[in-house]
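Here the structure is laid out as structure tokens; the discussion comes afterwards.
Every read-out reported here was derived from the displayed coordinates using simple, explicitly stated rules and does not represent laboratory data. Just so it is clear, the model here is predicted, and its values are computed rather than measured. Backbone-built Cβ (ideal geometry, glycine too); neighbour counts: all protein chains shown.
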Amino acid sequence: MEEKMYYSIVTNIGEQLMTQAIAEGKKVNITEIAVGDGRGEYYKPDASQTALKNELWRGDINSCVISPDSPNIIVIAAVIPGDVGGFTVREMGVFDADGHMVALCNTPATPKVLIRDGIVNEMSLSMEIVLVNEGVVELVIDPNVITATKSELEAAKSELYHALDNKVNIIVTHENIPVSQRQEKTFYFIVNGSSEPGNDNIKISPNMGMKIVERGN
């Protein structure tokens, strides 16, 4: 069987923390992810490691999901912002709330450039961890620091435009609008009575009655 070049492992301290958590009925709280350049070369992850070989960035975890391939595989995701970079990613690690590296992986050499290099380049990170007991790990995610990639923002914007396209307008008027001039997806209201001056923002009608004329097509 061909040996894998790139993979993740749970560290020795990660195994100890999980064993202890199971015995005490607690969970290991994973809060952060970090990347490094592996000191400029490829290497195989070692379970005895307590840190990356050369950490260059650390940030909060954005999300965690169970892999569709196995309930014992969790997929941890994060984003390196565009204003961080100038290095090549070759290693990643995840850390608990006390700073212990629970798991790490090696990665193909991937340059992370800076915005000032002429390219707006955030980097999406994804790390899979195989667990014997998936219930022993809890991912602590701060909703105030979740970062979206450019593609995720574009997708959200497209959904918003679609929702706005399907909204229903409401028009309030003193005049009857001919059917031929009525807009689609619009409710028309006729206000009975004349307007009297109020403040700069409000005009008051003494006979403020309304009736629905007809909904547009």
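Return the long-range amide H neighbours of TRP57 (sequence gap of 5 or more, or a different chain), with a cut-off of under 5 Å between placed amide H atoms.
VAL35
Farthest toward the dipole's positive end in region 8-147, which of GLY59, LEU114, ILE73, given Cβ charges of +1 (Lys, Arg) and -1 (Asp, Glu) about the Cα centre?
Of the listed residues, the answer is LEU114.
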